[in-house]
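Chemist: Sharing a structure with you now.
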Amino acid sequence: MTKSGETSFHLSLSGQRAPVNYDREPTHQGMVADKDVLVPMRDGVKIAVDVYRPQTSERLPALLAFSIHNKDLQGPQVARDVLTQPAWSMLWTGPAEAGDTRFFVSRGYVHVIGNPRGVGKSESGGSRAFDSYDLIEWIAAQPWCDENVGMVGISGFGAEQLMAANLHPPHLKAIFPFDPRGAYGEAGGFRDEYPGGVIHLFRFLLQVYASAHQHKGQPKTLAPEREKLWQEAMSNPDYRMYPHVFNVLALKGQHFPGFFDILIDPYDHEEAVRKSEDEFGKINVPAYTGSGWYGYTYKTHLNGAQNWFRNISSPHKKLLLAGPAHLDRPVKAFHNEMLRWYDQWLKGMDTGILDEPPVRFWVMGANEWRGGSDWPLPETEWLKLYLRSWERLTAEPFVPASADDYQAPDVFAQMPPSQTNRIQKLRYLSDPLAHDLTIAGPSVLNIYASIDQEDTNWIVILKDVGPDAGVQTAREGERDLTPGVHERELTRGWLKASHRALDSKRSLPGRPWHPLTRAAQRPVVPGEINEYAIEIMATANQFKAGHRICIEITSLDLATGVGSATNVEYVPYHICSSKTVLHRVFHDPAHPSHLLLPVIANA
């Protein structure tokens, strides 16, 4: 194998490095750090930034990292003191997302890290709507900048890049918003962060690192409309079951205000969706977005990256969907690809990045990178697998006017976490596959079901189970899966039963659009059979021959820590029903419950 062949092989085994061997030797050795620089905005309010630049008189392009996450958690000092931590380290710190300062500065970029007004060391007051615009133009005017500005950083830093691009600052030349927030609506959007309208605790957990200015005073009466919403939320038994959730409510927005707003108004808003749809076309700078398959756990990044890529109008846009683990912190993954992107757009170098497919994605199971012309992939073929009795998942369709008419529903009853830690579920498994099967994109579980209450959470889990060399027979020891068969969770989907309504005009293949508005919500009539189209968040996986496709249906997940907290950061659990709920899932010719999988050709 040649050296280049060896390099290509090693790159192909990393789901957190783009499969391109691009880098440049460092061109600058020294670094100048200007800390806590106060930059005046158009209304006089000053925001705080740290400027890290090469020790040179040369004017260079700048990369701005701007977010509500404390700038003092970023920069080279943190990287030196804390070291780089993988996602399974107890010191992994989610908000350390501004990028590898030493990497960028040594390769000829100025790295600016800042916070908007009302956050950290920045001053308060006024509106932050134009902070990123004004800061970008201030950077471009500095004697160390050559008037070319890009933006870096993931998550909150990624979301800010899209907000800035929508304002069209003249000197913003390109963005790289990896792990952005959702695309629809203000503050990231309800539907991308809470798919299916099922509320979870991500924003609660994130407040541990909150650096926004805040005053906790005696709770006061809210504006009339919000006061009414608050009173409704206070009487919600599902909220009252969780002490930490109820505590946020009782303080009436004095504590964790962002999460409080979701609790009292847990709905999408049509006007917010329309506003987003009107604004997508305004983003026309080169944009490179993406997320990892791990993003399904807290949704907003994986959903947001796909929706931004699909909707923005930039003629130069790219999408990178990466491997199955959280990125390290302080983040340094994909910096070679960021360098290649900005060498192209800010330094005028031909890096070859424009000659590649606009989409790259990591296929789990096969552990390889694939490329595509669009996302979801135009060549997708849909495989329909029917839910059948005895935990079976099969391509065999139901036959009308046959014995299939007499199939009984599958049933599970879930008690609330005030009574149990046991999660009940239904499971459906395919036979062991005769050949490798590769999927890429979102999936959909269409089920016909009834419940004995007015609402529940449908939670759907897609798994790769195997290898299983056994054959299921009636003999003892062969009736179930071979002992020790490995199960690997791929992704999940969620839908609150009362949000089952569909918007056919906005729905896409594999992407059922539920309005999630207060007006569209309909409580379930107990005992009534309803059809539910549950989107399962996108993934890419190769089920190897001998493996099984598995779908599980449940209505509950639980914190893994104590005191209503979790010890797996950024894997938030959901607020479930405070009542015991009996679920029936039907599968017969009149109720053809089935799974739709997005199949693509094996490489």
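The values are calculated or read from the model by the stated rules, or taken from the named source; none is laboratory data. The structure presented is a predicted model; accordingly, all values stated were derived computationally and were not measured. Ideal geometry is used to build each Cβ from the backbone, glycine not excepted, and the neighbour counts take in all protein chains shown.
Chemist: Among the helices (runs of 4 or more DSSP H) contained in the stretch 95-190, which hold 2 or more residues that are polar (S, T, N, Q) and over 25 Å from D268 (Cα atoms)?
Modeler: Numbers: elements: 101-106, 131-140, 156-165.
In the stretch 95-190, 101-106 are the helices (runs of 4 or more DSSP H) which contain 2 or more residues that are polar (S, T, N, Q) and over 25 Å from D268 (Cα atoms).
Chemist: Of the residues that sit in the stretch 343-361 and are touching a strand residue (DSSP E or B) at 6+ places or on another chain (Cβ under 7 Å) and closer than 23 Å to H171 by Cα, which one is surrounded by the fewest Cβ atoms within 10 Å (Cβ to Cβ)?
Modeler: Result: K347.
Chemist: What number of residues within the stretch 452-478 are within 30 Å of P526 (Cβ to Cβ), of a type in the set (V, I, T) and either outside any strand (DSSP E or B) or touching a helix residue (DSSP H, G or I) at 6+ places or on another chain (Cβ under 7 Å) (or both)?
Modeler: Applying the first criterion (within 30 Å of P526 (Cβ to Cβ)) to the stretch 452-478 yields 452-462.
So of that shortlist, the ones also of a type in the set (V, I, T) come out as 456, 459-461.
From what's left, either outside any strand (DSSP E or B) or touching a helix residue (DSSP H, G or I) at 6+ places or on another chain (Cβ under 7 Å) (or both): 456.
Residues in the stretch 452-478 being within 30 Å of P526 (Cβ to Cβ), of a type in the set (V, I, T) and either outside any strand (DSSP E or B) or touching a helix residue (DSSP H, G or I) at 6+ places or on another chain (Cβ under 7 Å) (or both): 1 in total.
Chemist: Among (1) under 20 Å from A140 (Cβ atoms); (2) touching a residue at least 12 places away in the same chain (Cβ under 8 Å), which single condition is F103 missing?
Modeler: (1)
Chemist: A further question follows. Determine which member of the set R53, R107 is in the same structural domain as R181 (by TED's automatic domain parsing), buried (at least 21 other Cβ atoms within 10 Å of the Cβ), in contact with a Leu (Cβ under 8 Å, 6 or more places away or on another chain) and modelled with pLDDT of 95 or more.
Modeler: Numbers: R107 fails: buried (at least 21 other Cβ atoms within 10 Å of the Cβ).
Just one listed residue meets the conditions, R53.
Chemist: Just checking, how many residues over the stretch 110-129 are in contact with a strand residue (DSSP E or B) (Cβ under 8 Å, 6 or more places away or on another chain) and either outside the structural domain of R340 (by TED's automatic domain parsing) or more than 11 Å from V152 (Cα to Cα) (or both)? Steps first, please.
Modeler: Let us first name the residues in the stretch 110-129 that are in contact with a strand residue (DSSP E or B) (Cβ under 8 Å, 6 or more places away or on another chain), namely 110-123.
From what's left, either outside the structural domain of R340 (by TED's automatic domain parsing) or more than 11 Å from V152 (Cα to Cα) (or both): 110, 114-123.
Number satisfying all stated conditions: 11.
Chemist: Has the stretch 11-32 got any residue that is part of a strand (DSSP E or B) and either polar (S, T, N, Q) or at pLDDT 95 or above (or both)? Outline the logic, then answer.
Modeler: Narrowing the stretch 11-32 to residues part of a strand (DSSP E or B): 31-32.
When the remaining residues are screened for being either polar (S, T, N, Q) or at pLDDT 95 or above (or both), the result is 31-32.
Scanning the stretch 11-32 turns up at least one residue that is part of a strand (DSSP E or B) and either polar (S, T, N, Q) or at pLDDT 95 or above (or both).
Chemist: Here's a follow-up. Please go through (1) crowded, with 23+ Cβ neighbours inside 10 Å; (2) outside the structural domain of I68 (by TED's automatic domain parsing); (3) aromatic (F, W, Y) for Y209 and return the number of the only condition it doesn't satisfy.
Modeler: Of (1) crowded, with 23+ Cβ neighbours inside 10 Å; (2) outside the structural domain of I68 (by TED's automatic domain parsing); (3) aromatic (F, W, Y), only one is false for Y209: (1).
Chemist: Which of the residues that make up the stretch 300-310 are more than 13 Å from P177 (Cβ to Cβ) and surrounded by fewer than 24 Cβ atoms within 10 Å (Cβ to Cβ)?
Modeler: R310
Chemist: Would you pick out the residues in the stretch 259-269 that are surrounded by 16 or more Cβ atoms within 10 Å (Cβ to Cβ) and part of a helix (DSSP H, G or I)?
Modeler: The first filter runs over the stretch 259-269 and keeps only residues surrounded by 16 or more Cβ atoms within 10 Å (Cβ to Cβ), leaving 259-260, 262-269.
Hits for the stretch 259-269 are F259, F260, I262, L263, I264.
Chemist: Sticking with this one: Take the stretch 451-484 and flag every residue that is at pLDDT 90 or above and under 30 Å from H326 (Cα atoms).
Modeler: Just the residues of the stretch 451-484 that are at pLDDT 90 or above, to begin with: 451-467.
Scanning the stretch 451-484 gives T456, N457, W458, I459, V460, I461, L462, K463, D464, V465, G466, P467.
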